1. Would you please give the residues with an amide H less than 5 Å from that of L331, counting only those at least 5 places away or on a separate chain, with H modeled from the backbone geometry?
2. Could you tell me which residue out of H298, G453, G345 lies farthest along the dipole of the chain toward its positive end? Charges go on the beta carbon: Lys and Arg +1, Asp and Glu -1, centred on the Cα centre.
3. Once fully extended, how much extra length lies between S130 and L479, figured as 0.36 nm per residue of separation less the alpha-carbon to alpha-carbon distance?
4. If the viscosity is 0.692 mPa s and the temperature 37 °C, what translational diffusion coefficient in µm²/s does Stokes-Einstein give for segment 340-445 when Rh comes from Kirkwood over Cα pairs?
5. If we restrict to alpha carbons, what Rg and Dmax does the chain come to, in Å?
6. From the phi angles alone, apply the Karplus equation (6.51, -1.76, 1.60; θ = phi - 60°) to segment 428-442 and give each ³J(HN,Hα) in whole Hz, x where the residue is Gly or Pro.
7. Specify whether the C-alpha gyration tensor of segment 13-86 places it in the rounded, prolate or oblate class, a ≥ b ≥ c being the square roots of the eigenvalues: rounded for a/c under 1.5, otherwise prolate if a/b is larger than b/c and oblate if not.
8. For a quick check: with amide H placed at 1.01 Å from N, whose amide H comes under 5 Å from A356's, ignoring anything fewer than 5 positions away on the same chain?
Amino acid sequence: MTVVKERQLLVGGEEVPSANGKRFVDTDPYTGEAVASLAAAGPEDAGRAVDAAAAAFDGWAAMAPAERRKLLFHAADVLEGKAAEASALMTSETGAIGPWGLFNVALAAEMLREAASLVTRPVGEVLTSSTPGNISLSIRQPAGVVVSFSPWNAPAILATRALAAPLGAGNTVVLKPSEHAPLSAGLFLADALSEAGLPAGALNVVTTAPEDAAAVAEALISDPRVRRVTFTGSTRVGRTIGELAARHLTPAVLELGGKNSLVVLEDADLDYAVDAISFAAYMNSGQICMSADRVIAHRSVAGELAERLAEKAAKLPAGDPRDPNTLIGPLITRAAAERVGGVVGEATSAGARALAGGGSPDGAVYPASVLLGVGPDMRIEKEEIFGPVVTVQSFDDEDEAVSLANSTSYGLTAGVLCEDIRRGFDVARRLRTGIVHVNDQCVDDEPQAPFGGTGDSGYGRFGGHHGFEAFMELRWVTLQKSHRPFPF
């Protein structure tokens, strides 16, 4: 295999090899060819990265807010100017089709602009006080060093989300990108921010081989100088990250997996519903935390909806992500595709029926699939699928629809497809998810909106002022204008 890029760790503004000299290879999931050779950090390198972030903190936090704002706005422009390059890199690293890569860059740039716009928002308020001569204030200040873990599935979006608000709030960051996207979820973004003028050490990137990721994560989180942790990824790994952070009393923001439902009421426009479900289930081959795993449709429309959805799914081109006609690209690895095929195979062996797709993967590619007749005890109904597969179930009344949608331990997002949005809103309010969209599907993100879930989908919120404040310490400060009396 030909290695086309070689990168080191980014520590204190310099590219440096790992302390032990170890390296790993980043591969293309569709071709199996090497994309890059990267330094593989160990626990010692985690300490070096935190050293650099801690050393840079005072200077970055003290920078005039207008200057931080200007830099982040500039970084957004720089990133947009590299959109084609970033998209091609995402295709090579993750198998993303071109439109998904370009959307990643567009939203990532808007996240930087949102963070920039929040830099100069008020950082506190004047409180009432019962003490004579007392001025009582609440003040928000940067927390310190932030450790952020970014995933591979929406690399530009989710890595930018992991660093934009922390940097905007005046923190410094150590970013550990996924081993499957160390460039597009890490070093590429760091290059763009550096080009925009980000000071050395404000952002540090440690890349790891898969076998070293857990040890490096533990070393980062256990460092007492780390005051915030962010993680986006699977619930399994998120539990470990959350437990480590809690052990050190370090606040964390965790956005984890989802088992997301689209509830289709009987008044829904079926043409619109089929298009909405297809987008929600199959965009990025179903590898989005918000992807629709389940369609819960009123019995009067469920049969026709499933047939029309299957007809559309069967026509979606799958294969090479570099082919502009492809809509269903590869999953992140062949093992991931085999796992999805195994989950579907278990369901069909237990009585479910594949109206479209199903079967075994072709390498890392799995076809768009629609399943009917799934049971509550099947693995496909309990686990996040994270592939281009959706199940269709029916309900008789709204209580049953809500019960089915809420029958999972996850609680990230949902959609209610209907024409009567008042009725849809009533259903939406009963769904136990952090996000819900009425007369829309479940895959959506805007940088100014609070983003996050409940239950096994994590806690805390990214986005807008809610996400910005997650990376700040709220302090109570008083100014006593005159001497106050004391009882002794």
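Readers should treat all values here as calculations from the given coordinates under stated rules, not as data from a laboratory. Quantities reported herein were computed from a predicted structural model and do not represent experimental measurements. Reconstructed Cβ throughout: ideal geometry from the backbone, glycine too, with neighbour counts over all protein chains shown.
1. Result for L331 returns V365, Y366.
2. G453
3. Numbers: separation 349, 0.36 × 349 = 125.64 nm, distance 1.30 nm.
Computed gain between S130 and L479 is 124.3 nm.
4. Details: Rh = 15.0 Å.
Translational D for this selection: 219 µm²/s.
5. Final numbers for Rg and Dmax: 23.7, 84 Å.
6. 3J(HN,Hα) across segment 428-442, in whole Hz: 4, 5, 8, 7, 8, 9, x, 9, 8, 10, 9, 6, 7, 8, 9.
7. Because a/c hits 1.5 or more and a/b fails to exceed b/c, segment 13-86 counts as oblate.
8. The list, which skips near neighbours in sequence, is V370.
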